[in-house]
Amino acid sequence: MYIFVPERLTELVKVIHDAVRGRVRYKVQGLYHSLPLRYRIEMLLPQDPEVREVSASALTGNVLVIFDPECNPRKIGSQIEQIAVSYLQESRNGDGSEQSLAAMPEIRAARPRKGEQRLAVIETGDSTPWYLMESKFVLVSLNSSKKRGLSAEAAQANLKKYGPNIIPESASRAKWDIFIDQFKSLPVALLGAAAGLSVMTGGLSDALVILAVVGINAVIGFVTENDAEKTIKSLKTLIRPYAHVRREGTLREIPADQVLVGDILVLKPGAYVTADARLIESNRLTVDESVLTGESMPVTKISTPLKEAKIPLGDRVNMVYSGTLVTGGQGLAIVVASGRSSEMGKIQSLLAEAEAPETPIERQLTTIGNQLVWISSAICGVVFFIGLLRGNGVIQMLKTAISLAVAAVPEGLPAVATTTLALGIKNMRRHKVLIRNLHAICTLGSVQTICFDKTGTVTYNKMSVLMFYSGMRRIDVRNEGFFSGETLFNPFDSDELLKLMHVCVLCNETQIDTKQRQYVLSGSATENALVQVAITAGVDVQALREQNPLLHTDYRSDNRQFMRTVHVTGNPGRLVALKGSPVDVLARCTFQIKNGQKTLLTDEEKDLIEAENDSMAGDALRVLGVAYATASGDESLDVDEGLTWLGLVGMADPIREGVKESVAMLHRAGLETVMITGDQGPTAYAVGRELGLNNGNPLEILDSTHLSVTDPAVMKALSKQVHVFSRVSPSHKLQIVQSLQSTGRVVAMTGDGINDGPALKAADVGIAMGQGGTDVAREVADVVLEEDDLETLIIAISDGRTIYNNIRKTLHYLLATNFSEIQVMFVAGALGLGYPLNTMQLLWINLVSDIFPGLALALEPAEPDVIDQPPRDPMEPIVKTEDFKRITFEAATMTAASLTAYGYGLMKYGMGPAAGTMAFHSLTTSQILHALSCRSEKRTIFDSEKSAPNKYLTAAVVGSLGMQLATLLVPGLRTLLGTTRVALTDALVIGATSVLPLLVTEATKTGVVGPK
Amino acid sequence: MKRDYIHTSESVTEGHPDKLCDQISDAIIDRFLEHDVHARVTAECAVSLSVVFIAARFASGIKVDFPNVARKVIQRIGYVEHEFNFRTCSILTSLKEMVPDQHGFPDDDEVSEEDINRLVAYDQVTLFGFACNESPTLMPLPIWLAHKLTRRLSEVRLQNVLPYLAPDGTTQVGVEYKDRIPQRIHSITINSSQNDRAYPKPERLREDILENVVRSVFQDEPVAPDKNTEIFVNPGGPLKLGGPSVHSGLTGRKNAIDTYGGYARNSGAALSGKDPFRIDRVGAYAARYAAKNIVAAGLADRCEVQISYSIGLAGPVSVQVETMGTGKISDDAISALVEKHFDFRLGGIVKQFNLRKLPSLSKGGFYRKLAAYGHFGRTDMELPWEATDKADLLRSL
C-alpha cells in the first residue's frame, strides 16, 4: 500500500470542524486509504480517559472524536498526531501497511470503558486485523454480545450495512458460448480456408457442402458437450450448509446465507464455518482449512489475540474462515466478514468463470490431437508439393491438400473424452455411485491400493456390548440379559460390575434424552453402546449423571490412549473415571474391586486380565479397560497412578455383509487392500483375517500410535507391505495415505467420519459412505457410495476402467481411419496414380466414418475380463508406441485394400472419377467396418464367445453403411461427390476390398482368448 | 592342541538390539505357552530405528497381542524415554497361522513311551553341549566373566548406581591360559552407551565402571585382573544411546553368547524364538545337561557332547562325547554311559525338563529371561538342564 509521508509533521493533523464543544473532526494526512492507521487511531485514542468516542475513516481521511468538553481539542489533536507519526515511521521502516500493526502491543490494552457504547464503526469486513484484537473489542465493534448474539435491531443494521452472506455464483458457461466454441478450432479454420478456396475457384456448391459439414460437426459437438456440461455442473451441487448461531439470546439453526456479520457462530465437529469469524471461545477446536490454505492437517484454534500482524491466513489461529470445516472440539466465534468480503468470497470473485478443470485424460487427448494436426499438415504439405511437381494445378492441389488435412485431423477428440466421462457419471449414478469429480472416473480405473477405514466402511459402526470381564470373571451380555457362564446374572449383585457400568456412563459424552419415556442416545457408536448396556442393566443413567456432575474432561489423545473425566460425588468429593485402551488403563492400576472388596491388583492378575483382553480382542471385539479413583475435592486430580481397576468391556461392531466378497473381488481386480483401524493388534488381526485382506500371504499388521515420528523413508518401505494399520489415531490416516502414495501407487481411501476428511482429500480417489457417513466425508470425497455398499465400488472401478478403455478404443479407431486417408492420398500421389479422393469425398468420409462409429465406440459395454486385469500403470500414455505401430498397420491394411480397388478401376476405366469412386467406396466401407475391429484389442469377430452387444455401434455401423449405400443409389449425391455409377463386378471388388482389411486386422490380433 | 593361549568371549546386555530381538521372540513363546501348553510357535524379530518387525507362525487356541508383548519387553529393558521407546516404536507383525502338526502330544504327566517315540524331530541338526571345570557353573571362564560383567552393567543402570547409562552395552573378557588352565585376565573391554554424549566425561565413566562394575564382578573370582591386565572402557569414544536407533538387531545372531562364548562348538541354529518342540533348541539343552553331569561326576575336566538329529526320527542319529584328553575313562565309555542314562528323544527332553510348563510356572516369563545372559550356566534361574542330578548316577559307575 502506498503510504504518504508528509514533509512537515505540523500539517499532519488539521482541525476541520470544531463548532460543537467536545466534538471535533480532524483531517489526518496519511489516513486516507490506510485502514491500519484507522484502526490504530480507533484503538489507541480511547485510552485517554477524556476521549469518549472515536470514529476514523480511511475513505475520507477524517477522524471524529467526541471527548470531555473540558479538554483541549489541540491536546487530542497532538495525540492523534503522535499516533500517526509513530505509525508512518514504522511503516516506512517496514514494507507494508500491516507491518506497522505488529508493533502494537498496546492494542490489547485498548478496551472500551465500562458502560460506554462505542460509536467506532467499521464499515466493511475487509482486511481489518481482527486477529490482533481482544475478542471483547471485536464483539463491541460489531454490536454483538457473546451470550446473546446480535439483537434484532443490530441484526437489521448489520444486514443493511454488510449484506447477506451470499457469494454470487459464477456464471456457468452459456449455451451460446459452447456453440461458438465449436468453431474455434484448427480443423474448422482449415475447412473455412477450403471453403474460401472453393468460392474463389468457382466451386460454390463445394463451399456450401463444406460449410454444411462444419455446421453438422458443430451441432453434434454442441449437443454432446452441452449435455456433458450439465452433468458436470450437477457435480457441484453442494450440501446446503446450515449454521448454528446465537441471536437475540437464543440458539438458532439458520441457512448459511442468513448469517450476518456480528452473529455468534456455535462451532461443533462436522459443522461448516459459514462466514469468516473471530473466535471468542475455543475448546480444543480444530479446523480443516485445506480449502483455503491447501494444508491438509487440521489446525488447532485459540481465542486469544495474536501479536504478529503480518502473518498468512493459515497462521491466524484465532480466526475461522468460511468454507472450512470443524473437525474437532468446539468453540464460539463472531462473524467479522461474510459473503463477498469473506476470504472465500474474495477467491471466488477472482475466478471469473468456474470451469471444471481439465482432466488428465482430456489433456492427453488435446496433446495428441495437436500433434496429429502438425503431422498431417506436414504430410499434406508433401502431398501438395508432389502434386505440383507432377504438374497438377496449384488451386486443385491446394484444395486437395486442405481437404486432406481436414479429413485427417480427428477434431472430436477432446469432446469424446468429456462426453464419455459425463456419460460415465450418469451411468455410475444408476449404480448408486455418485461421482463428485470428473477426473475421479478414470482415476478409479487405475486405483492400485485401496485403504479402508474400518469403522463405518468395513463395519456398520453400530456397537453393542457383548461381554464384560469384571471381578476376574467373564460376564456375557445376550438377549438383554447378563450371564455368568450359563446362569442368568443380576448386575446389581455385583458391586464391581455395577461400578464399571457407572464409570462407563459417566466417562462418556453421549447425550441422553428421553422422548416418550424412551431413551434417545446421541453420541459415538462406542459410547452409545456403553450407555445402552447400563440402561439394559437397569441403571438410571440420567439420575446417575445428575448426581455426579462433570467437572473436567481429558480426551483420549495420541499420547494418552484413554479418556478421563472428573465428577463431583458425595464422598469423598471427587470421582475420577477412566476408560480407554485396556493395556494403558491397566498399567495405571494398583487396586481392583473383586467380590465387592478393594484389593491389591497382583501381577498375576494383571497377566490374566491381559490374556483375557487378548482373547476378547482376538474375537474381533473392541475392548476398553475401565478404572476409577476417588479423591477429595482439594487434592490434585491429575491422578494417573494407583487407580482401581474395574474391568474390561468387549463390544462388537459387526462387519458389513458382503465386504469379504468385495475384498476378494478387489484382489481379483489386482488391487491391494489396506485396512486402517484404531483397534488393538488382536482385533485388527481377527478382522483382517476374517476379511482375507492378506490374500493368502502372511497378514502384516503395523501397530503404531506414533506414526508421525517414524521416518518417512521407513514408512514408505513399510507401507508397501502392510495389510492392516492398527491403533492408528485419526490424525495419522493422512500420513498412511501419503506414504502409500509415495511408493508410486494410486491410492483410494474410503471413510465416513469427520476425521477421515484430510485423508479422503489427499487420496487419489476419496470415497465416502453415503448413508452412514458424515457431511464432511461426503463433501471432500471424489466418490460417494450412496448405499454404503462396497460392491458398488467394484462396479465403479470396472466402469472407470471401461471408460478409459473406451476412450482408447475411440482414439484407436479415429487414428487408424484418418491415417488410412492420408496414406491413400500420399501413396497414390507419390506413385503418380493421381488423387483417388476429391475434397467432397474426403469430407464425406470424415462425416460418415468418424463421427457416429467413433462416438458409439465410446459407449462400448465393459469387456468381461475388465475386472480381472491388473490396474493400468498411471504413468502409461493413452496411446503407447506399440499402439501407434498397430494403428499404422491397420491403416496400411485399409490403404492397401482401397488402392487395390483403385488400381482395378485404373486398369478398367483409366485415371478419372470412375477409378476414384472405387477407392472412395472401398475406403469408406472398410473404415466403417473397422469400428467392429476396434471394439477390443484382443477379442476378435471370430471368437466363439461374442463381445456383449453394443446397440449404438450396431446402429452407427448400419446407419453409416446405409448412407454409403445411398451414395451409390441417389443420383444427386453422386453428382455432389463426383462419383460414378458402379457396375456389379465393381461392387464385388469394392465389397471384397472393404471386408478384407477387417479380416486381416482381426486375424492379426494378439488375442488371448478363444481361437484366432 | 595348543596348551597356552588366550581366549576371549563377548557378552551383550539385554538392551543390545540383537538380544532385544531374542527376548521379544522368547516373550512371545512365553505368552503362548503360559496359556496354551500345546501351542506351536516360531517367532522371529528384527529391529531397526523405531520399527520392530515380528514374523510369527503359530498354531494355538489362544490369541496373543504381539505388539503389546513386544512393547512390554522393550519397556522392561528400559527403552522408555529414548528415541527408540516402547510407546512410540512402530511394530510390524507378519502373522501366519499354521495347522498344528504335533497332534495329540499329551500333557507331560500323561506322556507315554509310545507318545515320545511317535514325536519326531522336524529339523536336521547337530548340537553340542559343553561343560568344564573353570567356573562354579562349569562354564568356560571367559563367557562366565563376560556375562557377569554385562549383568552387572545392567544392574548398575537399573539400580540407579550409574543412572546415566543407556540399556545397550557389550563386554569382552580375554583369559590367558597356561597349560589349559586359566592363569590371568589378559584384557577386559566394556562398551557402554550413555543417555547424554557429553555426560559423563570418558575419564569419569571409566572410573565409575571400574569401580562399580569390574571391581564388583571380580570380588569373588579366583582369577582377577592384575596390573598388566588391559582394561578398555568405550575405546571407541562415548556411545550415545546405543540400541536400535543406532544399530539394528535380529533374532538369533548371538549364538556364541547364548552358548559357550566360542570356547566350544555351538550349532548354527538359534535358540530363541522357538517353542519346545524344536529339537534345534531343546537338543542343545539336553546336550549341556549331559556334558555338565559328566564333568560334575568327575569323569572329565572338560567335556563336549555332540548329538545329531535327523528329520523323521524321535531320537538322535548319533551321540558322541569328547573330553579332550581330560577323561578319567575313555570317551567311548562315557558315550555309552550318556546314551544309557540320558533321554535325547525330543519328547523325552520336553517331558523331563517340563519345557512347556515352565513359562506358566515362573513369574515374569521363562524363555524371555533365558534369552539374555546365556542359556547355560545361569545362577539366577533354576534351569533343569543345569541340574547335576545325574552326577551321582554317573559317578557310581
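Scanning segment B:54-68 for residues that are within 9 Å of chain A (Cβ to nearest Cβ) and out of contact with any His (no Cβ under 9 Å at 6 or more places or on another chain) turns up B:Ala55, B:Ala56, B:Arg57, B:Lys63, B:Asp65, B:Phe66, B:Pro67, B:Asn68.
If you scan segment A:507-534, which residues turn out to be open to solvent by less than 50 Å² (accessible area, probe 1.4 Å), under 26 Å from A:Thr457 (Cα atoms) and either modelled with pLDDT of 85 or more or in contact with a strand residue (DSSP E or B) (Cβ under 7 Å, 6 or more places away or on another chain) (or both)? A:Asn508, A:Thr510, A:Leu521, A:Gly523, A:Thr526, A:Glu527, A:Asn528, A:Ala529, A:Leu530, A:Val531, A:Val533 - these are the residues of segment A:507-534 that are open to solvent by less than 50 Å² (accessible area, probe 1.4 Å), under 26 Å from A:Thr457 (Cα atoms) and either modelled with pLDDT of 85 or more or in contact with a strand residue (DSSP E or B) (Cβ under 7 Å, 6 or more places away or on another chain) (or both). In this structure, B:Arg76 qualifies as closer than 30 Å to B:Asp220 by Cα, within 14 Å of chain A (Cβ to nearest Cβ) and without any contact (Cβ under 8 Å) to a residue 60 or more places away in the chain. Name every residue in segment A:60-73 that is open to solvent by 60 Å² or more (accessible area, probe 1.4 Å) and touching a residue at least 12 places away in the same chain (Cβ under 8 Å), in order of residue number. If the condition is that a residue be open to solvent by 60 Å² or more (accessible area, probe 1.4 Å) and touching a residue at least 12 places away in the same chain (Cβ under 8 Å), then A:Thr60, A:Glu70 are the ones that fit.
Evaluating A:Val722 against the criteria (1) hydrophobic (A, V, I, L, M, F, W, C); (2) closer than 14 Å to B:Val52 by Cα; (3) assigned to a helix (DSSP H, G or I) leaves one unmet condition, (3).
Would you confirm whether any residue within segment A:651-665 is touching a residue at least 24 places away in the same chain (Cβ under 8 Å), within 14 Å of another protein chain (Cβ to nearest Cβ) and not basic (Lys, Arg)? For segment A:651-665, residues touching a residue at least 24 places away in the same chain (Cβ under 8 Å), within 14 Å of another protein chain (Cβ to nearest Cβ) and not basic (Lys, Arg): absent. For segment B:2-10, the criterion of being away from chain A (no Cβ under 14 Å), over 22 Å from B:Leu158 (Cβ atoms), in a helix (DSSP H, G or I) and open to solvent by less than 10 Å² (accessible area, probe 1.4 Å) is satisfied by no residue at all.
Residue-wise test of (1) aromatic (Phe, Trp, Tyr); (2) under 28 Å from A:Val138 (Cα atoms); (3) modelled with pLDDT of 75 or more.
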| position | (1), (2), (3) |
| --- | --- |
| A:Leu12 | no, no, yes |
| A:His17 | no, no, yes |
| A:Lys27 | no, yes, yes |
| A:Ser34 | no, yes, no |
| A:Leu37 | no, yes, yes |
| A:Arg52 | no, yes, yes |
| A:Ala58 | no, yes, no |
| A:Asn72 | no, no, yes |
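Of everything in segment A:300-323 that is buried (at least 18 other Cβ atoms within 10 Å of the Cβ) and more than 21 Å from A:Ser144 (Cβ to Cβ), the residue that is modelled with the lowest pLDDT is A:Ala309.
For segment B:80-95, the set of residues classified as touching a strand residue (DSSP E or B) at 6+ places or on another chain (Cβ under 6 Å) and more than 7 Å from chain A (Cβ to nearest Cβ) consists of B:Cys89 only. There is no residue in segment B:223-245 that is of a type in the set (A, V, I, L, M, F, W, C) and out of contact with any strand residue (DSSP E or B) (no Cβ under 9 Å at 6 or more places or on another chain). Taken over segment A:675-692, the criterion of being more than 7 Å from chain B (Cβ to nearest Cβ), in contact with a Leu (Cβ under 7 Å, 6 or more places away or on another chain) and surrounded by 20 or more Cβ atoms within 10 Å (Cβ to Cβ) is satisfied by A:Met675, A:Thr683, A:Gly688.
Would you check if B:Arg345 is among the basic types (Lys, Arg), touching an Asp or Glu at 6+ places or on another chain (Cβ under 7 Å) and either within 14 Å of chain A (Cβ to nearest Cβ) or closer than 29 Å to B:Asn117 by Cα (or both)? Judged against the criteria, B:Arg345 is not a match. In segment A:693-737, what residues are out of contact with any strand residue (DSSP E or B) (no Cβ under 6 Å at 6 or more places or on another chain), open to solvent by less than 30 Å² (accessible area, probe 1.4 Å) and more than 11 Å from chain B (Cβ to nearest Cβ)? The answer is A:Ser729, A:Leu734.
Within segment B:356-383, the set of residues being more than 13 Å from every other protein chain (Cβ to nearest Cβ), over 17 Å from B:Ala43 (Cα atoms), in a loop (DSSP other than H, G, I, E, B) and over 10 Å from the mean Cα position of the chain (by Cα) comprises B:Lys357, B:Thr379, B:Asp380, B:Met381, B:Glu382, B:Leu383. Mind listing just one residue for me: the one in segment A:887-940 that is closer than 20 Å to A:Leu404 by Cα and in a loop (DSSP other than H, G, I, E, B) and, of those, least open to solvent (accessible area, probe 1.4 Å)? Among them, the one singled out is A:Gly912. Condition check for B:Met98 on (1) away from chain A (no Cβ under 14 Å); (2) among the aliphatic types (A, V, I, L, M); (3) surrounded by fewer than 21 Cβ atoms within 10 Å (Cβ to Cβ): one failure, at (1).
Considering (1) part of a strand (DSSP E or B); (2) without any contact (Cβ under 8 Å) to a residue 60 or more places away in the chain; (3) open to solvent by 30 Å² or more (accessible area, probe 1.4 Å); (4) of a type outside the set (Val, Ile, Thr), the lone condition that A:Phe482 does not fulfil carries the number (3). Scanning segment B:34-50 for residues that are open to solvent by less than 30 Å² (accessible area, probe 1.4 Å), within 30 Å of A:Pro712 (Cα to Cα) and either away from chain A (no Cβ under 13 Å) or modelled with pLDDT under 90 (or both) yields a count of 2.
The values are calculated or read from the model by the stated rules, or taken from the named source; none is laboratory data. Keep in mind that what you see is a predicted model, and the values were worked out from it rather than measured. Positions of Cβ are generated from backbone atoms using ideal geometry, with glycine treated the same way; all protein chains shown enter the neighbour counts. In case anyone asks, the SASA skips ligands and DNA or RNA and just uses the protein heavy atoms, side chains included. Shrake-Rupley method; radii C 1.70, N 1.55, O 1.52, S 1.80 Å.
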